[in-house]
1. Just checking, does the stretch 83-90 include any residue being in contact (Cβ under 8 Å) with a residue 40 or more places away in the chain, closer than 24 Å to Arg59 by Cβ and in a loop (DSSP other than H, G, I, E, B)?
2. Which of the residues belonging to the stretch 122-136 are assigned to a strand (DSSP E or B) and either at pLDDT below 95 or over 11 Å from Met112 (Cβ atoms) (or both)?
3. Looking only at the stretch 153-162, which residues are more than 16 Å from Thr188 (Cα to Cα) and in a strand (DSSP E or B)?
4. So which residues in the stretch 163-208 are without any contact (Cβ under 8 Å) to a residue 24 or more places away in the chain and either touching a helix residue (DSSP H, G or I) at 6+ places or on another chain (Cβ under 8 Å) or outside any strand (DSSP E or B) (or both)?
5. Could you check the stretch 145-175 and list, in sequence order, the residues that are hydrophobic (A, V, I, L, M, F, W, C) and touching a strand residue (DSSP E or B) at 6+ places or on another chain (Cβ under 8 Å)?
6. Kindly list, by first and then second residue, each pair from a residue in the stretch 46-75 that is surrounded by 14 or more Cβ atoms within 10 Å (Cβ to Cβ) to a residue that is among the charged types (D, E, K, R), limited to pairs with Cβ atoms under 6 Å and residues at least 6 apart or on different chains.
7. Within the stretch 96-105, does at least one residue satisfy the condition of being buried (at least 18 other Cβ atoms within 10 Å of the Cβ) and farther than 26 Å from Gln246 by Cα?
8. Can you find even one residue in the stretch 173-186 that is modelled with pLDDT under 95, of a type in the set (S, T, N, Q) and in the same structural domain as Phe73 (by TED's automatic domain parsing)?
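The values are calculated or read from the model by the stated rules, or taken from the named source; none is laboratory data. Since we're looking at a predicted model, the values are computed, not measured. With ideal geometry, Cβ positions are generated from the backbone for all residues, glycine too; neighbour counts draw on all protein chains shown.
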Amino acid sequence: MKRLEMKTIINSRSTKLIAALAGLIALAFGMALPQLNAQGVDSHIPDLAGIWDGTPRVRPVNGENVPWGEDNFPDLNARARAYQEVWEEIMAPKYDCQPASSPAIQYDPYFMQVTQWPDRVLFRYEKDDQLRTIWLDGREPTAMDFSLQGFSRGYYEDGSLYVTTTHFVFDIAGFDDYNGIPSSSQKTITERYWREGEELRLTLTVTDPMFFNGDVSYTTRWLPAADSYRLAPYDCDPEASRLSVQFFPSKYD
């Protein structure tokens, strides 16, 4: 009988110990969970997370006059005009599956997914299967950080996310896919993201003293994607993509 009572006491203590440990674990995770997602922690941090629709049902399709039109087309210097003069469609790196970069990829008519973490914001673009990381922890770029998408740093203020991107590599079609305007390693992109009701809004500004006299900007929007939507693979095939170039006659042949 005493052995049975002792076993019951031990089982009771084990149960209480397990419950206490479970409570501590739950408390620890409960304290950590708000930190895993940046939005909602502070009132100045907007809720930007989710999959956003930037397709033609939401905004005009990009082209020679969209989003860069008469009102916001860049003032090109002589160097940029020289590049534009020798430009022809077959030079576009997109025909070799080179991804678009800023400021074009933000306006391309595809979906985009935003994920907010305490130290970074991730922009995943359906177009070209690209992922941008916006660092929020104050780190500085180095000479090793030059890339097609550049190096992005950001911060939250007054309900907006502000992003500055530098360290781009030279791109023969770095301004857009249509106007034959390149961008240089001096290109700087600044972005402001904020919410207006259901809409995700962006104002983007480009500075590139190698090719532009002054800054240029555009503003655009996304709408929430359907709850069931998931980003689709872009799956660019270099051989198939390059085949289309044969239909563009070269002025140098």
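1. No, that holds for no residue.
2. Across the stretch 122-136, the qualifying residues are Thr133, Ile134, Trp135.
3. Tyr155, Tyr156, Glu157, Ser160, Leu161
4. Val169, Phe170, Gly197 - these are the residues of the stretch 163-208 that are without any contact (Cβ under 8 Å) to a residue 24 or more places away in the chain and either touching a helix residue (DSSP H, G or I) at 6+ places or on another chain (Cβ under 8 Å) or outside any strand (DSSP E or B) (or both).
5. The answer is Phe146, Leu148, Phe151, Leu161, Val163, Phe168, Val169, Phe170, Phe175.
6. Pro46/Arg195
7. Scanning the stretch 96-105, I find at least one residue that is buried (at least 18 other Cβ atoms within 10 Å of the Cβ) and farther than 26 Å from Gln246 by Cα, so the answer is yes.
8. Yes: one or more hits.
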